[in-house]
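Structure first, commentary second.
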Amino acid sequence: MSRRVSIRAIVAQRAALVLALVFFLAPILWLISIAYKPKRDIFSLPPKLLFTPTFSNFDDVFRYFDLARLIESSLVIALGSAALSLLIGVPCAYALARSRARWTVGVAYFFLAIRTVPQVATLIPFYLLMRDIGLLGTWWAVIMLNATLSCAFVVWMMFSYFRSLPREMEQAALTDGCSQFGAFWRIALPLVRPGIIACTLFCIMFAWNDYLIPAFLTRAETRPLSVALLSAFGMLDITWGTLGALAHFSTIPIVLMALLLNRYFVQGLTRGVH
Amino acid sequence: MGAPALVYVLIVAGWPLAQGIWYSVFDYSLLHPATRHFVGFENYRALWTDESARRSVVTTVEFTVAAVGLEFVFGMALALLLWRDGRFERICLALLLIPVTVTPVAVGLVFRALLAPEFGMIGYYAAEWGLSIPRGFLGDPNTALATIVIIDTWEWTPLMALILLAGLKALPSEMLEAAEVDGANAWQRFRVVIFPMILPAVFLGLVLRTMDAFRVFDIVFATSNGGPADATNVLMFYAVKQGLQFFNVGFAAAVANSMVVFIAIFAVILILLVRRADRSAIAT
């Protein structure tokens, strides 16, 4: 495409983008910066841009929170939800994509529809159910409910990936004596690796960032970072600096993951209709 | 191979949904479980007759329309700015998507601190410029909802921009060149050529964001907690509060089910859109 664009237009476009970057990133930079500010500088007005960095806020995080336990909870919930969703979601997507029956597309749309149900509709009855069978307060309860939404997302997204694969290679493998499962495991699965990576990223992100489900299904010993972060607000002895330091652990892993795997992240956002 | 996932979703999502429908026709409070009795559609009727419930419906609709509207306008502008396919644009896009990945309750806390009347940075400069609100933007019933709208816009505009950008990138370049050769100016090109051709992406973005905005919860919970004076008491918040704090399970289930019905309407529109996009993808 040979469109001549004037230098002035490019400068204006880039200046506008830089302005947008400032608007969208400033609050996050502020959140990160308050963790290193001494208590008296956090809310000094007009704001202090130059300050001597301190790590005392991180000391406070370790003093008031069992950080290892919080991270463990977040990790177990995020990885557990992702593993369960992929384990049952990916084979289902493959079966739907390869089946010639008319109703399979309908089933795929059913999963897309499940993805849109507001969590509160399932959360209240699920809460009572977990209470009755004694799983309330465990990681299992959170993982199970998270996995319904995530697994629906995985089925829908992987369905579109598997459908765009040509059948010929799998058919060749089948005539060579490969089993149906072998064709899935050795031929189809390696070809949709980008989709698998994107799905894993999203399952982990949903579960790690979610507040509502773990807030009501966990107890003090099993709560993840997101829940601890909000409940810390307003507690005696907890300053904004401490909150900023704690927020480091809840936000930075996911932000970094999304930046490093940006290609897959963008694919997931545009293709998965999440 | 599809059976495990289907069975799992039917049990773990389907069973609670069915239970929710069952609960919603009872006057059922966990605090007085013995007095549970059948009331038919009374809980649903209360959504319209009860003052606070009706107000919550109105607040949710206002929030959704305002937030999605703003996100669309800013998202469109951002998408057009990011359209040129260069290194600079790609890096900008990656960085602009960061708000989407930040824990929503952390977002709520950040804005709560920035907007605080006595010590927040935004609150401070607003007062310097003569825009002084004694209880802060989140503390005043007149500005609280608008403030939540802006926080939501901050968080989700990048996603809207990305969806629209995907639409822009799929446009055939010959068409745009033809319009340019014909001497159409930038606004005419956008209005007559570009916008009509990315309509599927526009609808997709609007429907997706409407469904999500309608069930907003985390940022409300972390900033205004439904207040002040119920000014930000959106439906999702209302249902959670009724069900899991006041333990009015029957009524909460009715609120939640009404939300399911409303979102289902949008889900059907979404599915029709996706199917149409599928068909045109096969046709080309």
Practice prompt. Give the number of residues within the stretch B:158-210 that are on the phi > 0 side of the Ramachandran plot and surrounded by 21 or more Cβ atoms within 10 Å (Cβ to Cβ).
Written response: 0
Item to complete: Determine if the stretch A:37-44 includes at least one residue that is touching a helix residue (DSSP H, G or I) at 6+ places or on another chain (Cβ under 9 Å), at the interface with chain B (Cβ under 8 Å from one of its Cβ atoms) and part of a loop (DSSP other than H, G, I, E, B).
Response: yes
Worksheet item: What helices (runs of 4 or more DSSP H) completely inside the stretch B:168-240 contain at least 1 residues that are closer than 18 Å to B:Ala67 by Cα and hydroxyl-bearing (Ser, Thr, Tyr)?
Response: B:199-214, B:218-223
Discussion item. Just to confirm my filter: which helices (runs of 4 or more DSSP H) fall fully inside the stretch A:50-162 and include at least 3 residues that are away from chain B (no Cβ under 12 Å)?
Written reply: A:56-64, A:67-98
Worksheet item: If only one of B:Gly20, B:Gly14 is crowded, with 21+ Cβ neighbours inside 10 Å, part of a helix (DSSP H, G or I) and modelled with pLDDT of 80 or more, which one is it?
Response: B:Gly20
Fill in: Single match in B:Arg84, B:Arg55, B:Arg45 (criterion: over 30 Å from A:Leu189 (Cβ atoms) and assigned to a loop (DSSP other than H, G, I, E, B))
B:Arg84
Worksheet item: Only one of B:Phe41, B:Phe63, B:Phe26, B:Phe74 is exposed (fewer than 15 other Cβ atoms within 10 Å of the Cβ) and either more than 24 Å from B:Val207 (Cα to Cα) or not acidic (Asp, Glu) (or both); which?
Response: B:Phe41
Worksheet item: Can A:Thr242 be described as more than 22 Å from B:Glu155 (Cα to Cα), of a type in the set (S, T, N, Q), surrounded by fewer than 22 Cβ atoms within 10 Å (Cβ to Cβ) and in the same structural domain as A:Pro91 (by TED's automatic domain parsing)?
Response: no
Worksheet item: Can you find a residue in the stretch B:167-174 that is charged (D, E, K, R) and farther than 27 Å from B:Phe266 by Cα?
Response: yes
Discussion item. Looking at the stretch A:244-273, I want the residues that are over 14 Å from A:Ala78 (Cβ atoms) and have a partner that is not in a helix (DSSP H, G or I) and not hydrophobic (A, V, I, L, M, F, W, C) with Cβ atoms under 7 Å, at least 6 apart or on another chain. Which pairs are those?
Written reply: A:Gly268/A:His274
Worksheet item: When you go through B:Val110, B:Val149 one by one, which is the residue that is in a helix (DSSP H, G or I), more than 10 Å from chain A (Cβ to nearest Cβ) and surrounded by 19 or more Cβ atoms within 10 Å (Cβ to Cβ)?
Response: B:Val149
Discussion item. Looking at the stretch B:62-80, can you tell me whether even one residue there is in a loop (DSSP other than H, G, I, E, B) and on the phi < 0 side of the Ramachandran plot?
Written reply: no
Worksheet item: In the stretch B:149-188, how many are over 26 Å from A:Gln267 (Cα atoms), at pLDDT 85 or above and in contact with a helix residue (DSSP H, G or I) (Cβ under 6 Å, 6 or more places away or on another chain)?
Response: 1
Item to complete: Under 8 Å between Cβ atoms, at least 6 apart or on separate chains: pull out the pairs that start in the stretch A:207-235 with a residue that is β-branched (Val, Ile, Thr) and end on any residue that is in a loop (DSSP other than H, G, I, E, B).
Response: A:Thr218/A:Thr138; A:Thr218/A:Pro224; A:Thr222/A:Thr138; A:Val227/A:Tyr211
Worksheet item: Scanning the stretch B:124-146 for residues that are surrounded by fewer than 22 Cβ atoms within 10 Å (Cβ to Cβ) and part of a helix (DSSP H, G or I), which turns out farthest from the other protein chains (Cβ to nearest Cβ)?
Response: B:Leu145
Discussion item. Of a type outside the set (A, V, I, L, M, F, W, C), in contact (Cβ under 8 Å) with a residue 12 or more places away in the chain and within 13 Å of chain A (Cβ to nearest Cβ): is that true of B:Pro33 in this structure?
Written reply: no
Worksheet item: Which condition number does A:Pro166 fail, the rest of (1) at pLDDT 90 or above; (2) assigned to a loop (DSSP other than H, G, I, E, B) being met?
Response: (1)
Item to complete: Please work out which residue is nearest to B:Tyr8 (Cα to Cα), limiting yourself to the stretch A:132-189 and to residues that are without any contact (Cβ under 8 Å) to a residue 12 or more places away in the chain and β-branched (Val, Ile, Thr).
Response: A:Ile133
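The values are calculated or read from the model by the stated rules, or taken from the named source; none is laboratory data. Note that the structure is a prediction, hence the values are computed from the model and not measured. As a convention, Cβ positions derive from the backbone with ideal geometry for all residues, glycine included, and neighbour counts pool all protein chains shown.
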